[in-house]
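The values are calculated or read from the model by the stated rules, or taken from the named source; none is laboratory data. Bear in mind that the values here come from a model prediction, so they are computed numbers and not experimental data. No Cβ is skipped: glycine too gets one built from the backbone with ideal geometry, and neighbour counts run over all protein chains shown. Side chains are part of the model used for accessible areas, which takes the heavy atoms of the whole protein and leaves out ligands, DNA and RNA. Shrake-Rupley method; radii C 1.70, N 1.55, O 1.52, S 1.80 Å.
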Amino acid sequence: LQAESARPLADALISVGADGIDANAALFETYDPPGTAKIIPGLRYSRNWLPFTVTLPAVIAVNTRLVPEAEIPTQWKDLADPKWKGKVAFAGADRSGSAFIQMVQILHNEGEAAGWQLFTRMMDNFGITGSSTAVIRGAAQGEYAMALTLEDNAQRFIDGGAPIRIVYPREGISIQADAMALVARAPNPAAGKALIDYIVSPEGQSVIVKASSRRPIRTDVPGPEKAIDAKNLPVNNIPPDWAVAKNKEFMDRYLRLARR
């Protein structure tokens, strides 16, 4: 989108990290589709974008054939144990928006100084896959004992029969929206608006919930059948203003860490 900004080819961008849109707001156009009154309160905290789905971007998917019951982690700190060296899949914070959020979740939970110390030890155990799809597939197929992933990615493999258990680390996870937005100066703005209108609608959200196992953005659309009620999860949401302000600093530090 940056490269094509003078003459965009896309009309809309969907299912991306909201911080990326906020950090590049000039590439997008503000839009309020019908139905925004039914969006879960507090989910949209920026005028630059609209929620696409509700995600739990930072969970652990554990292969129960490779990890004994007594050794299944319950917290992020467990992934820093040297016994897991090379056995934890991570997409790479520079390759995946969800992986970046997973890293930021740990920094938020622990505080920046302690968070970087913990994440650095975790990195020693990571196998960097380069994509979110490869992370969960690697854990499901036994290439890795576990993976940092999204709840819905793990649930789809569970539904397909993979020996995966989802762990919600007790230090905290975030419930947030991935985002969508109209592209500024788009070639077909009416088509982009029609797409977003449909995604926000009850029908569109119901289709996405069924197809993806993600949670809906609307108060009047049921969530996935097997989803744990949010009130029973260890929620510790990342402050959005802090995450946006620290975006470049955190990415630069991650890249230095990855090049060690």
Checklist entry - So what's the back-of-envelope 222 nm ellipticity for the chain, counting only DSSP H runs of four-plus at -39500 (n - 2.57) apiece and dividing by all residues, rounded to 500? => result -10500 deg cm²/dmol
Checklist entry - Can you give the charge dipole size of segment 67-156 about its Cα centre, rounded to the nearest 20 debye, using +1 on the beta carbon of Lys and Arg and -1 on the beta carbon of Asp and Glu? => result 220
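Among 198-205, 95-102, what's the highest-first ranking by average C-beta atoms within 10 angstrom per residue? All intermediate terms of the calculation are to be shown ahead of the outcome.
On the way: 198-205: 18.1, 95-102: 23.1.
Descending mean neighbour count gives 95-102, 198-205.
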Checklist entry - Just going by the charge dipole of segment 195-260, with Lys and Arg at +1 and Asp and Glu at -1 on Cβ, which of Ile228, Leu257, Ile217 is farthest out on the positive end? => result Leu257
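For the ranges 183-189, 138-144, what's the packing order if you count other beta-carbon atoms within 10 Å of each residue, average per peptide, and put the highest first?
Ranking the peptides 183-189, 138-144 by packing returns 138-144, 183-189.
Which order do peptides 223-229, 163-169 fall in by mean Cβ count within 10 Å, highest first?
On the way: 223-229: 12.9, 163-169: 18.9.
Sorting 223-229, 163-169 by mean packing, highest first, produces 163-169, 223-229.
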Checklist outcome for this item: The set of residues whose placed amide H lies less than 5 Å from the amide H of Thr55, leaving out same-chain residues fewer than 5 positions away, is Gln176, Ala177, Asp178
Next on the checklist: Could you check the spin-label model distance between Asn237 and Glu71? Points 7 Å from the Cα along Cα→Cβ, value in nm.
Outcome noted: 3.7
Checklist outcome for this item: Counting only residues 5 or more apart in sequence or on a different chain, those whose built amide H sits under 5 Å from that of Val16 are Ala179
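Rounded to a whole number, what % of the accessible area of the chain do carbon and sulfur atoms account for, probe 1.4 Å?
Working: 6230 of 12080 Å².
Percent of accessible area from carbon and sulfur atoms in the chain: 52.
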Item to check | Contour minus Cα-Cα distance for Ala230 and Arg95 (0.36 nm per residue) | outcome: 45.8 nm
Checklist outcome for this item: Note, segment 19-31: 3J(HN,Hα) by Karplus (6.51, -1.76, 1.60, θ = phi - 60°), whole Hz, Gly/Pro = x, goes 5, x, 5, 4, 6, 9, 4, 5, 7, 10, 10, 5, 8
Checklist entry - Across segment 214-229, in residue order, what do the Karplus-derived ³J(HN,Hα) couplings come to in whole Hz, using 6.51 cos²θ - 1.76 cosθ + 1.60 with θ = phi - 60° and x for Gly and Pro? => result 7, 8, x, 8, 9, 6, 10, 10, x, x, x, 4, 9, 6, 6, 4
Item to check | All lysines inside 21 Å of Lys210 as judged from Cα atoms, apart from same-chain residues fewer than 8 positions distant | outcome: Lys38, Lys226
Checklist entry - So what are the ³J(HN,Hα) numbers for segment 156-168, from phi and the Karplus equation (6.51, -1.76, 1.60; θ = phi - 60°), rounded to whole Hz, Gly and Pro as x? => result 4, 6, 4, 4, x, x, 6, x, 10, 10, 8, 10, 9
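Rounding to the nearest 20 debye, state how big the charge dipole of the chain is about its Cα centre with +1 on each Lys and Arg Cβ and -1 on each Asp and Glu Cβ. Before the final figure, lay out each step's value.
Values: 29 positive and 28 negative charges, 82 e Å.
Magnitude of the dipole: close to 400 debye.
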Item to check | Within a Gaussian network of the chain (alpha carbon springs, distance under 10 Å), most fluctuating of Asn24, Asn63, Asn153 | outcome: Asn24
